[in-house]
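Right, one structure below, let's go through it.
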Ligand SMILES: [Fe+2]
Ligand SMILES: [Fe+2]
Ligand SMILES: [Fe+2]
Ligand SMILES: [Fe+2]
């Protein structure tokens, strides 16, 4: 997990309030279409544990999204000055390592935290949670970020935030329509949006104000989490026989990652040389191993949330293997 500023954390907590409330509701009354697909905690988790699970999911989603971009940078093919295609074998191995680690963060770590927290509910509950998230981003978050960036003279960021705010409004509207279809049985689930993949070449930050940088960091964590959650919701929709809803969630997930997260990553200067990306990844993994997950495990143990405590401890052990693998890859590139 990458370090958050206090401000980032506060914004994250606001955005996740609705999710936590939904999670509590799910624990108290398991919906029929959920009972078969997710494990249900024996009793509601403590508020602190739920908030730590939410923070874990955010960090895991961000690691997944970042490593996906680092993978492309590592094994990206380049052209020599003589016009010959250069395939870097060492780079390909690092690319494969980033890609497989990204999958672990998403399909194991995030998925397990979501199962413990009861993040996935009925299709209708998942849509309501998504509508709340998109409304907040559309009406509050991105508009505020755009205004601040414009005041601080970061006009590219202001334009990007404004553009993304409009997209989030469209996502909200599509989810509202889908919810109406689900609750009334009339109409059709909207077609999924098509993502226009934004390439993220290695580069320095393209914004100057500290406030814009902090807002980009908050936004990227939000986009990465939205991507991951929508993929979970899509899987649930498919399992419950609603393929059209699954496609809507998947298509929207693609926009959050390949357009929004990627566009913000370009301005934030997230992707650098592969050596620097490996160092960034090692720092993040080590922070999770030494501080983040042990802290979460200790708190969960203290309040008797033993399944969550076990999850935090096991995840910390996994992150130690990630740090070691990235360190080994870095040593081999030297
Ligand atoms: Fe992880
Ligand atoms: Fe969205
Ligand atoms: Fe988004
Ligand atoms: Fe990791």
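Bear in mind that the values in this text are calculations on the coordinates, not laboratory data. Computed from a prediction, not measured in an experiment: that's the story for all the values here. Glycine gets a Cβ as well: all are built from the backbone with ideal geometry, and neighbour counts include every protein chain shown.
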Stretchable slack from residue 306 to residue 88, in nm (0.36 nm times residue separation minus alpha-carbon distance): 73.9 nm
Choice from 215, 126, 173 showing the highest fluctuation, given a GNM over the chain with Cα pairs closer than 10 Å: 173
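So what is the calculated 222 nm ellipticity per residue for the chain, using -39500 (n - 2.57) for each DSSP H run with n of 4 or more, over all residues, to the nearest 500 deg cm²/dmol?
Working: 14 runs with 233 residues, N = 334.
Value at 222 nm, helices only, nearest 500: -23500 deg cm²/dmol.
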Within segment 122-165, backbone nitrogen closer than 19 Å to the virtual label 7 Å beyond the Cα of residue 184 toward Cβ: 124-125, 127-128, 131
Burial ranking of peptide ranges 162-170, 60-68 (average Cβ count within 10 Å, highest at the top): 60-68, 162-170
Relative contact order (%) - segment 164-256, alpha-carbon pairs under 8 angstrom, separation at least six: 36 percent
Cα→Cβ-extended label distance, 7 Å offset, between residue 209 and residue 47, nm: 3.3 nm
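In percent, what relative contact order does the chain have, based on Cα pairs under 8 Å that are 6 or more apart in sequence? Each step should come with its number before you reach the end.
Working: 473 pairs, mean separation 71.1, N = 334.
Relative contact order for the chain comes out at 21 percent.
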For segment 50-109 and segment 277-324, distance of Cα centres in Å: 20 Å
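When only Cα pairs under 8 Å and 6 or more residues apart are kept, what is the percent relative contact order across segment 262-334? Don't skip to the end; give the middle numbers.
Values: 51 pairs, mean separation 27.7, N = 73.
Computed over segment 262-334, the figure is 38 percent.
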